[in-house]
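Inspection log for the structure reproduced underneath, given as structure tokens.
Just so you know, all these numbers are worked out from the coordinates, no wet-lab data involved. Here the structure is a predicted model, which is why all the values come from computation and not from measurement. Note that we place each Cβ from the backbone using ideal geometry, even for glycine, and neighbour counts take in every protein chain shown.
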Amino acid sequence: MTGRSTRAGAFLDSVLDRYADLAMVAGTFFYLLDVPLPYHVTPETLFAIGFLALAGSASVSYTTARAAELGLGLGRPTLASKGTRMTVMVLCAVAAAAWEPAPLVALVYLAVHPNAAVIWRVVRAAKHVK
């Protein structure tokens, strides 16, 4: 609002980003509990997918921040960034008007891609430290 940035503001932004991820994944999970799901997806499977989606979303941001703090160059940001994650969620939410289980696609994406990006970052950081 003032055009200035502070370290405290950056910290608050990071914390609020984690809560936004939590809210989006939780909302998608609870929505999907109320719609008929394809491929015989059980609530237990949905819970596992939701847990992985939440873990991956939070870990992408954390690994980015931690690597920067430790001075580890991990290269350019991946497509698992906050903007991409939110775009996928919003597009699938809009698609739910035509196909109710569409947000399941977003949840599966969040369970797979961000976690793969985190694994890639851990491997790359381990090579960088050696």
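Descriptive notes on the structure:
- Taking the three principal axes of the alpha carbon atoms in the stretch 7-129, the coordinate ranges are 47, 32, 22 Å, sorted in descending order.
- When the chain is treated as a GNM with alpha-carbon contacts under 10 Å, the residue of Ala93, Ala55, Ala68 showing the greatest mean-square fluctuation is Ala68.
- Positive-end residue of Leu32, Leu16, Ala102, charge dipole of the chain with Cβ unit charges: Leu16
- Every helix of 4 or more DSSP H residues in the chain counts as -39500 (n - 2.57), and over all residues that averages to -26500 deg cm²/dmol at 222 nm.
- Of the DSSP H helices in the chain, those whose Cα atoms cover at least 30 Å axially and whose Kyte score averages -1.0 or more: 7-33, 43-70, 102-129
- Over the stretch 7-129, relative contact order from alpha-carbon pairs under 8 Å, at least 6 apart, %: 36
- Largest GNM mean-square fluctuation among Leu91, Leu12, Leu52, using the chain with Cα springs under 10 Å: Leu12.
- Global dimensions of the stretch 23-68 from alpha-carbon coordinates: Rg and Dmax equal 13.3, 43 Å.
- Per-residue Cβ neighbour rank within 10 angstrom, fewest leading, His128, His113: His128, His113
- From most to least packed by mean Cβ count within 10 Å, the peptides 26-34, 101-109 give 101-109, 26-34.
- Our estimate of slack between Ala65 and Val105, defined as 0.36 nm per intervening residue step minus the Cα-Cα distance, is 11.7 nm.
- The modelled label-to-label distance between Ala48 and Ala116, using points 7 Å beyond Cα along the C-beta direction, is 1.9 nm.
- Leu22-Arg124 pseudo-label distance in nm [points 7 Å out on the Cα-to-Cβ vector]: 2.8
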